[in-house]
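The values are calculated or read from the model by the stated rules, or taken from the named source; none is laboratory data. Keep in mind that this is a model prediction, so the values were computed, not measured. Heads up, the Cβs are rebuilt from the backbone with ideal geometry, glycines too, and the neighbour counts pull from every protein chain shown.
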Amino acid sequence: MAQRLSPAILALILVAAACGSTGPSPSPAAASPSPTATPPIATPAPTLAAAPTPALELADLAQFHAAMRPEFAADVDGSPDLTRYAIDVAVTFNADGTATLAGREHVLYTNQQTVALPDIVFMLWPAAGGQYASRMDLGRVTVDGSEVRPQMENDGLTARIALPAPLAPGARAELSAEFTVKAFPWTGGSGIKRFGITGRVLLAPTFYPLIPRLVDGLWQTLPAPPGGDTTNSDSALYVWRVTAPADQVIVGSGSVVSATTTGQTQTQTIVTGPMRDLALAVGPLRLTSRTADGVTLNAYLLPEHADKASAILDVAAGQLRTLEALVGPYPFAELDLVGAGLCGGVCGIEYPGEVFIDAGSAMPPLPGEEGFGPSDQEELFQLLDITVHEVGHQWFYGLIGDDQLLQPWVDEAATSYTEVLYAEKTSGAAAARDVLRKFQDQLRASSDRELPVGLGIADYPSELEYGVIVYDKGALFFDALRRQLGDPTFFAFLHAYYERYRYGFASARGFQATAETACACDLSALFDLWVYKGGAVPAN
Ligand SMILES: [Zn+2]
């Protein structure tokens, strides 16, 4: 999410911010209001008619090399125990304006814990409500070939699968699941959505049963918060096949390894490197591509927004080069930027290898906001800021994972600070100071400016304060850390942090420990003031 509008509509923006994150909600009911204007499901959703031919292959690690830049292919070979997903999904657009995703997945799961696992959990995120304008039903589930009956929890968000026998450390289980998702059109005035149909584009991230993280031996099954990011999951390897109408464009995380069209139907097979989630978009999108640092950058925009592609790719390439130099390499062959009407304002959503950016207002303004929208030029600047931010998330969240629900600053504060790094690298120190000044202005306007950046969203008084503290104050914390360490040590720390957590999962304490190792110093006073306890911070 990028915040570049006047304070008068900042609240709107922050409500709409979806690349933020939230903590656990007090109750699922409070966290997940029903999507507005949701048509009833009139008929049972279809399922895949027949077994796909040929079956997708999970055993072959080398197939995933195609998703990597050649110099990073070995990262796949070094990750044999990552969970592997083979997913077939068929997308149908229905006459009533909805869409149906009918699929099946086959999962190879290795127990990387030191204790046996009695069960495995699937998260069915399209069933979460709130940001998901969708429903999801789980069909037949098997474990090692035998059908099992999952225990449904969290109002249908979680399917817990008791294993026939505990899965020993290092042992593998093979699971399969059939699923059906119904996606609904979005309407304005209901805050940001991340799943559904907007401006003729189906946005369908995490459309499949996703295995969440194990934290201290327990599956993390927290329900979706109303405004922030939703999922927590470990990096996995995916081979997936999408079938959709031939007149639409398919955009998926990873790299396409085969594409065929038969009559009115097209099929693409896509592989990924180690990614912690997938995003899928299907719509009448127009592709503009560019290569930067060996990475193919793809801007997918509706025809009416296609004139923005060049500017989007300029800043995406600039941010890619900035973070490759200052943090670490982007190891994947491809990064997709999908323009769609997310919130009618300023917002974006990040997924590994694919980001959604608000390329234009597909939704009407909220009551009272009519006529106060930005000019075309302002809208373009905002779009480019969003692009900088969401590309930054490929490093902070995509490559370096973190708990998006409980410690959102670990990716959001870092990503907000990448906006400073981008400005500094591409336009100089004065431009970087301008970005910092905007963060300072936002923080100064907050009555809760002494709150620490290290809370979950549920711990903040409102989503507005969450945004100001985690994003704006969080970026200022990075600036304070940089000042305390000095540039050589600060950037050595960023590189070390990347190397330590690439494809993994960082925590606040891990972040601090890595910084303290880099400087050979005690940073507890700085972290207490900014991250853990709060208080009045220097104005600078
Ligand atoms: Zn963000």
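All but one of (1) touching a helix residue (DSSP H, G or I) at 6+ places or on another chain (Cβ under 6 Å); (2) within 24 Å of Ala432 (Cβ to Cβ) hold for Ala299; state the number of the condition that does not hold.
It is condition (2) that Ala299 fails.
Any residue in the stretch 382-394 that's part of a loop (DSSP other than H, G, I, E, B): show its pairings with residues that are hydroxyl-bearing (Ser, Thr, Tyr) and near the ligand (Cβ under 8 Å from one of its atoms) at Cβ separation under 9 Å, as long as the two are six or more apart or on different chains.
Within 9 Å, the pairs are His393/Thr415.
Any idea which of Leu443, Leu464 is modelled with pLDDT of 95 or more and outside the structural domain of Glu324 (by TED's automatic domain parsing)?
Numbers: Leu464 fails: modelled with pLDDT of 95 or more.
The conditions single out Leu443.
Being over 28 Å from Pro212 (Cα atoms), away from the ligand (no atom under 14 Å from the Cβ) and in contact with an Asp or Glu (Cβ under 7 Å, 6 or more places away or on another chain) is true for just one of Asp441, Asp448, Asp479. Which residue is that?
Details: Asp441 fails: in contact with an Asp or Glu (Cβ under 7 Å, 6 or more places away or on another chain); Asp479 fails: in contact with an Asp or Glu (Cβ under 7 Å, 6 or more places away or on another chain).
Unique residue meeting the criteria: Asp448.
For the stretch 384-415, name all the residues that are buried (at least 24 other Cβ atoms within 10 Å of the Cβ), away from the ligand (no atom under 11 Å from the Cβ) and at pLDDT below 95.
Leu405
Please determine, by comparing only the residues of the stretch 244-257 that are of a type in the set (Val, Ile, Thr) and surrounded by fewer than 21 Cβ atoms within 10 Å (Cβ to Cβ), which one is farthest from the chain's Cα centre (by Cα). Even if it seems obvious, please write down each step before you answer.
Step one: of the stretch 244-257, the residues of a type in the set (Val, Ile, Thr) are 249-251, 256-257.
After this cut, where a residue has to be surrounded by fewer than 21 Cβ atoms within 10 Å (Cβ to Cβ) as well, the list is 249, 256-257.
Values: Val249: 21, Val256: 20, Val257: 23 Å.
That would be Val257.
Only one residue in Thr260, Thr206, Thr180 is within 15 Å of the chain's Cα centre (by Cα) and either in a loop (DSSP other than H, G, I, E, B) or of a type in the set (S, T, N, Q) (or both). Which one? Reasoning before the result, please.
Numbers: Thr260 fails: within 15 Å of the chain's Cα centre (by Cα); Thr180 fails: within 15 Å of the chain's Cα centre (by Cα).
From the options Thr260, Thr206, Thr180, the qualifying one is Thr206.
Of the residues Phe477, Phe511, only one is surrounded by 18 or more Cβ atoms within 10 Å (Cβ to Cβ), in contact (Cβ under 8 Å) with a residue 40 or more places away in the chain and more than 22 Å from the chain's Cα centre (by Cα); which? Give the steps one after another, and end with the answer.
On the way: Phe511 fails: more than 22 Å from the chain's Cα centre (by Cα).
None of the others qualify; the one that does is Phe477.
Please verify whether the stretch 97-118 includes one or more residues that are part of a loop (DSSP other than H, G, I, E, B) and buried (at least 22 other Cβ atoms within 10 Å of the Cβ).
Yes; the residues of the stretch 97-118 include at least one that is part of a loop (DSSP other than H, G, I, E, B) and buried (at least 22 other Cβ atoms within 10 Å of the Cβ).
Can you confirm whether the stretch 449-457 contains a residue that is over 17 Å from Asp528 (Cβ atoms), assigned to a helix (DSSP H, G or I) and either aliphatic (A, V, I, L, M) or not assigned by TED's automatic domain parsing to the domain that holds Ile386 (or both)? Step through it out loud before you land on a result.
At the first step, the residues of the stretch 449-457 found to be over 17 Å from Asp528 (Cβ atoms) are 456-457.
Cutting the leftovers down to assigned to a helix (DSSP H, G or I) gives us 457.
Within this subset, residues satisfying the condition of being either aliphatic (A, V, I, L, M) or not assigned by TED's automatic domain parsing to the domain that holds Ile386 (or both) are 457.
Scanning the stretch 449-457, I find at least one residue that is over 17 Å from Asp528 (Cβ atoms), assigned to a helix (DSSP H, G or I) and either aliphatic (A, V, I, L, M) or not assigned by TED's automatic domain parsing to the domain that holds Ile386 (or both), so the answer is yes.
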